[in-house]
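In what follows, a single structure is set out as C-alpha cells and then discussed.
The values are calculated or read from the model by the stated rules, or taken from the named source; none is laboratory data. Every value quoted in this text rests on a predicted model; they were computed, and no experiment measured them. Cβ atoms come from the backbone with ideal geometry, glycine included; neighbour counts cover every protein chain shown. We work out accessible area using only protein heavy atoms, side chains counted, and drop any ligands, DNA or RNA first. Shrake-Rupley method; radii C 1.70, N 1.55, O 1.52, S 1.80 Å.
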Amino acid sequence: MKKTLLASIVLPFLAAPALAQDTSSDGGLSVGDPGDAPLVLAPGASPEGAEVLNNTLFGDWLVSCEAITVTRVACSIVQQLSVAETDRLIVRMVAVPQGEDSAVLLAQVPIGAYLPGGAVYRFDGDDGEQRSMVWQRCLGQLCEAAIPLDSEELAQFEAHDTLLFGYRPDIQAEPIIVALDISEFNTALRAISAAR
C-alpha cells in the first residue's frame with residue numbers, strides 16, 4: 001500500500017500541520033495516468049540504452065508526448081495526484097527539459113486556487129528555503145504556476161527523493177500540501193532529452 005506524506009510547508013501568510021494520507025483505492029490520494037496510447041519518441045535510446053515510449057514510467061513520473069509534426073514530437077514528464085474516490089485533480093506536475101542542464105517545472109491545479117496564497121515547494125528533509133512558483137494563467141479548469149530549473153536546482157532534485165508542494169485551493173480553504181516522488185525525476189528528464 002503506497003503512502004503519501006502530507007507535510008508542513010509554510011505558504012505565504014499560512015501554515016499547516018503534518019498529516020499522513022492513504023493512497024490506496026479506498027479514499028486517499030492516487031497517482032493518475034494522463035496518457036493513453038504508446039508512441040515511439042524518436043530513433044535513439046535513453047541513458048539506460050532502452051527505447052523510450054510514450055507512457056513509460058520513471059518512478060511516479062510518466063512520459064507524455066504529442067506529435068508536433070510528422071517527424072517531431074514534444075515530450076514532458078508528468079506526475080498527477082487525484083482523490084481516488086472522485087478522481088478530482090489535486091495537482092498535476094509537468095516538467096519539460098530545456099536542454100541538457102535546465103528544465104521548466106509546471107504545477108497545474110484546479111481553477112479557483114487562491115493565487116495570492118502562492119504555489120510553493122521544498123525538498124523533504126531539507127531545512128532550506130521553499131521555492132515560490134509564479135502563477136502563469138488560469139484557463140479552462142486549471143490554474144498553472146511555473147518555475148525554471150537550472151543546473152543547481154536540478155542537482156537538488158537529484159539529491160532528494162521527495163518534493164513537498166503546497167497551495168491554497170480557495171481563499172477560505174486550508175492549504176493543500178502533497179508529497180511527490182522525485183527519486184527518478186532527473187533520470188526521466190535525461191531520457192526524454194536523449195530521445196529528442
Quiz item: How many residues, within the stretch 87-118, are closer than 16 Å to D150 by Cα and not in a strand (DSSP E or B)?
Solution: 5
Quiz item: Which ones in the stretch 47-67 are at pLDDT below 85 and crowded, with 21+ Cβ neighbours inside 10 Å?
Solution: V52
Quiz item: (1) out of contact with any helix residue (DSSP H, G or I) (no Cβ under 9 Å at 6 or more places or on another chain); (2) surrounded by fewer than 16 Cβ atoms within 10 Å (Cβ to Cβ); (3) in contact (Cβ under 8 Å) with a residue 40 or more places away in the chain: which one isn't true of A113, the others all being true?
Solution: (2)
Quiz item: Does A84 count as open to solvent by 20 Å² or more (accessible area, probe 1.4 Å) and in contact with a Cys (Cβ under 8 Å, 6 or more places away or on another chain)?
Solution: no
Practice problem: Report yes if some residue within the stretch 147-162 is touching a residue at least 40 places away in the same chain (Cβ under 8 Å), open to solvent by 50 Å² or more (accessible area, probe 1.4 Å) and in a strand (DSSP E or B); otherwise report no. | Solution: yes
Quiz item: Which of the following residues is open to solvent by less than 30 Å² (accessible area, probe 1.4 Å) and not acidic (D, E): V134, V178?
Solution: V178
Exercise. Given the conditions (1) among the β-branched types (V, I, T); (2) farther than 28 Å from E66 by Cα; (3) modelled with pLDDT of 95 or more, report the number of the one that V134 does not fulfil.
Key: (2)
Practice problem: Of the conditions (1) at pLDDT 95 or above; (2) touching a Cys at 6+ places or on another chain (Cβ under 9 Å); (3) among the aliphatic types (A, V, I, L, M); (4) more than 13 Å from A188 (Cα to Cα), V96 clears all except one; give me its number. | Solution: (4)
